1. Given region 111-224, what strands (runs of 3 or more DSSP E) lie entirely inside it while holding 1 or more residues that are modelled with pLDDT under 85?
2. For region 39-67, enumerate the residues that are of a type in the set (A, V, I, L, M, F, W, C), over 19 Å from L266 (Cβ atoms) and surrounded by fewer than 16 Cβ atoms within 10 Å (Cβ to Cβ).
3. For V236, state whether it is surrounded by fewer than 18 Cβ atoms within 10 Å (Cβ to Cβ), aliphatic (A, V, I, L, M) and either under 29 Å from E391 (Cβ atoms) or in contact with a Cys (Cβ under 9 Å, 6 or more places away or on another chain) (or both).
4. Please enumerate the residues belonging to region 278-306 that are in a loop (DSSP other than H, G, I, E, B) and open to solvent by 90 Å² or more (accessible area, probe 1.4 Å).
5. Out of curiosity, is K105 open to solvent by 20 Å² or more (accessible area, probe 1.4 Å), under 16 Å from A207 (Cβ atoms) and either touching a helix residue (DSSP H, G or I) at 6+ places or on another chain (Cβ under 6 Å) or at pLDDT below 85 (or both)?
6. Given (1) without any contact (Cβ under 8 Å) to a residue 60 or more places away in the chain; (2) surrounded by fewer than 20 Cβ atoms within 10 Å (Cβ to Cβ), identify the lone condition not met by S100.
7. Provide a single number: the residues in region 166-187 that are open to solvent by 40 Å² or more (accessible area, probe 1.4 Å), among the hydroxyl-bearing types (S, T, Y) and within 11 Å of G224 (Cα to Cα).
8. Given the condition among the charged types (D, E, K, R) and more than 24 Å from L169 (Cβ to Cβ), answer yes or no: does some residue in region 215-222 qualify?
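The values are calculated or read from the model by the stated rules, or taken from the named source; none is laboratory data. Treat the numbers as computed from the prediction; the structure is a model and nothing was measured. Here the Cβ positions follow ideal geometry from the backbone for every residue, glycine too, while neighbour counts run over all protein chains shown. What goes into the accessible areas is simple: the full protein's heavy atoms, side chains included, and nothing from ligands, DNA or RNA. Shrake-Rupley method; radii C 1.70, N 1.55, O 1.52, S 1.80 Å.
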Amino acid sequence: MVQSICGLLMSRSLVLRVQGEVFEERYAWKGLPQGSVLSPLLYNLYTVDIGSCLNSDCRILQYADDLALYVTNASIVDAASSLCLSLDSLHQWLLDRGLSLSAPKSSAVIFSRKRLIPQVNISIQSQGVPVVKKTKFLGVYLDAKLSGSEHFAYLVKRCERVISILKVLSGVWWGAHPYTMKLIYNALVRSILDYGSFVLIPCNRGALAALDRLQSQCLRIISGCMKSSPVNALQVECAEPPLALRRQYLASRFLSRVVPKSSHPLIPKLQNLDSLCRSSKYWEHKEIPLILKTYRFIQNLNCPINQNRRLPLYNFSYEVLCFIPKIFYNIGISKNSPSANSAFNAVVEERWLGFQRFFTDASKLTSCSYTGAAVYYQNSRIILKFKCPKESSVFTVPSY
């Protein structure tokens, strides 16, 4: 399992994160075949108490077997010493379970706005850990200034190889159809640009401009337009939004899945970041992170998102989830028939005698107006009316 060492200085606080390679040194005959579906579950059970061996000021990030340790402190030297103590404790904890840390395959990065960074020594059982300017964690390069330049330069290099495929397939008379080229772009280029891109915003504008040029180059190859064609015209022709809007969409989609889970570990971190940005003078004239901007937008919706300790799906029994009702799309009654009501009542009495009757409907006059929904219970003559947010449509209203 891969692990690394990094650090971050935000305002007056320093964050050090450790990342290195953890490998099984003893009991090599234990375990499961590579790629087994049980491996992630059993590994999580095996390392469920891994955070108990760390110092109180040391935090751990874990995704499967990829670990990261970080310490927040006003002093870089104090943070480094605290991190070394946690590393020694973690190393002993792993040895007791047949695992060990590899110091040479580890790295340390200090994220700081300071120009002069003091020399720190990070070690694991007296084995030195190299201090570097960048590190790769979960496929994202994090540089010491968190400018995003290293990560976006890495994305450009990856995409340049794929662009060669688009150039080979393109052609005015013999090339692939633009629709096919667009599918290849979505699968091979846009998927690379999408991964983790919104997390680093705001970042270096020059690095973002390189991604925009990369997108426009791909759209010119797909559409066969000249180099002098306006970029916005290419985006409209290929039905491809600008990367800035794409990153905003990805952030909104991600947080719309996080916010409903009140127990999600990211929510308290976003709340702390929100309070820090509101209280710190540093952020008064700076652009706040995109993920925080999206979080504030979701929190200020006219109709807030409901939060649950667990997914609402698990609040129902298995029998209810497996129940498949019979839906009749046509019962042989014309809507314009004068006897439509009597014919409908006759069909209901014949097929669903003794059933409770509920009538629902939703309507929306214009795109700027609110969506209205109503429920009518015939037996008790109960009428329920709801005013839904402007963002909802007549198709999404039943979910409310």
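1. Numbers: elements: 122-124, 127-129, 134-137, 140-143.
Where strands (runs of 3 or more DSSP E) fall fully within region 111-224 and carry at least 1 residues being modelled with pLDDT under 85, they are 122-124, 127-129.
2. L41, L42, L45, V48
3. So V236 passes the test.
4. So the first thing to find is which residues in region 278-306 are in a loop (DSSP other than H, G, I, E, B), and the list is 280, 286-289, 300-306.
Result: K286, E287, N300, N302, N306.
5. No: the conditions fail for K105.
6. All conditions pass for S100, except number (1).
7. 0
8. First, the residues of region 215-222 that are among the charged types (D, E, K, R): 220.
In the following step, the residues that additionally are more than 24 Å from L169 (Cβ to Cβ) were identified as none.
Scanning region 215-222 turns up no residue that is among the charged types (D, E, K, R) and more than 24 Å from L169 (Cβ to Cβ).
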